[in-house]
Amino acid sequence: GMFDFYSGYISLLPGVAGYLASLLPARWTPYAMGAFAGIVSVFAYSVFALPRFRPLVASDAHRAGICLLMAILPVANAMLLSSDVYSLWNLLWLLIALNLFSESESSSVRWAQFFFSVLAIWSHPLSVVLVPFLIWRWRKNDSRPERQLALALLVTLGLYFVFGVRSDSGQEGRDLLAAMSLLPGFLTEHVFSEALVGPMVPGRFSSGSLWAILLGGLVLGFVLLSCVRIWPTLEGRRKQCLIQMALLVPTLSLACIYSRAFHDRPGYAIPIRYAYIQRLLWLPVLFALLLSAVNRLRPDAQKLAVAGLVAWSLLSARANQSMYEVAPGESLHLARFLQEVEDWEAADRPAPAPCYYRPGWHIRLDDEALAMPGR
């Protein structure tokens, strides 16, 4: 249902999409849910091309190229890009991107952004990370409409955490200091390194290896040194963009580690989704700094550098191709289940209802689902 609690919180937009998809014939329901997730993914990987990101990268063509590189690199997986349930992560990224880099535009654009932001806040509990940035915008922004928008979103966040999030009684495994101790390794391995080489690369650069951690450390070092070098020459708006993105990466990471108690689960393979937004936040910064360095080269060297970057992205994507694939057997299993549902409905719904069996969880049509219009 649209307002059902899943894992302790309401995820509104995926819930609405799932409900509307369930009104279609059973065979079309998974396609509609996947289409919704795919459309959200397209917007998520295109958002950096918006003019509001010009303070970070002035050229519209260069920002479009960065969007393409981010889509090629193995920062996600099939579930994040094509699953209705997991589309909440791309919705969170859009919420962050649109509100961190908000700018005074027409009233229609501002209202559209506000309406989407309210729905996105009610779709992911990690939207709480926006609170300090919205408070800053409410207090410091010169534009009265922007201040009003920030205040309204703060109220929306408060309402969501009162009515849309259930308190978790299982707090015994959570330790803030232990979570902070895990943060450097989490950032180096899962955010900085895996965004460039992916988690599926075998050999020396396999996830968690010394070489992968060194690569992440070197990339982070390059970003920090480049920022220090060019900082005095940057205008205020660009500095603000870099500071906000730099603060959000560790904040989101710490929130994920602490909320899921990863520090209390040694040897646990951390799912990609818990480092996903952080990768989308820092990759534009990396590419912007690389672009500044490349622009100082000769034209021939610039072409060679760009070609090398594209080749690296393609090779990394190829090495992690399996992350974006679904096992053919699972697709056939789902197709058989949908056929069973159609046959069951054609037979006037005799008991028992069909059940889709999967390891760990099953899908069964319950009485509430059967009572919905169209079922």
**Item:** Complete set of residues in region 65-108 that are out of contact with any Ser or Thr (no Cβ under 7 Å at 6 or more places or on another chain) and outside any helix (DSSP H, G or I)
**Value:** V75, A76, N77, S83, D84, V85, Y86, F101, S102, E103, E105, S106
**Asked** Which ones in region 316-333 are open to solvent by 60 Å² or more (accessible area, probe 1.4 Å) and in contact with a helix residue (DSSP H, G or I) (Cβ under 9 Å, 6 or more places away or on another chain)?
**Response** Y324, E325, V326
**Prompt:** Counting only residues that are charged (D, E, K, R) and touching a residue at least 40 places away in the same chain (Cβ under 8 Å), which one in region 26-62 is most open to solvent (accessible area, probe 1.4 Å)?
**Reply:** R27
**Request:** Return yes when M200 is at pLDDT below 75 and aliphatic (A, V, I, L, M) and no when it is not.
**Result:** yes
**Asked** Restricting attention to region 174-197, and to residues there that are modelled with pLDDT of 85 or more and open to solvent by 50 Å² or more (accessible area, probe 1.4 Å), which single residue is farthest from G216 (Cα to Cα)?
**Response** L177
**Asked** Looking at region 267-274, is at least one residue in a helix (DSSP H, G or I), at pLDDT 90 or above and under 23 Å from S46 (Cβ atoms)?
**Response** yes
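The values are calculated or read from the model by the stated rules, or taken from the named source; none is laboratory data. As the structure is a computational prediction, the values presented were derived from the model and not from experiment. For neighbour counting, all protein chains shown are included, and Cβ atoms are generated from backbone atoms with ideal geometry for every residue, glycine included. For accessibility, only protein heavy atoms count, side chains too; no ligands or nucleic acids. Shrake-Rupley method; radii C 1.70, N 1.55, O 1.52, S 1.80 Å.
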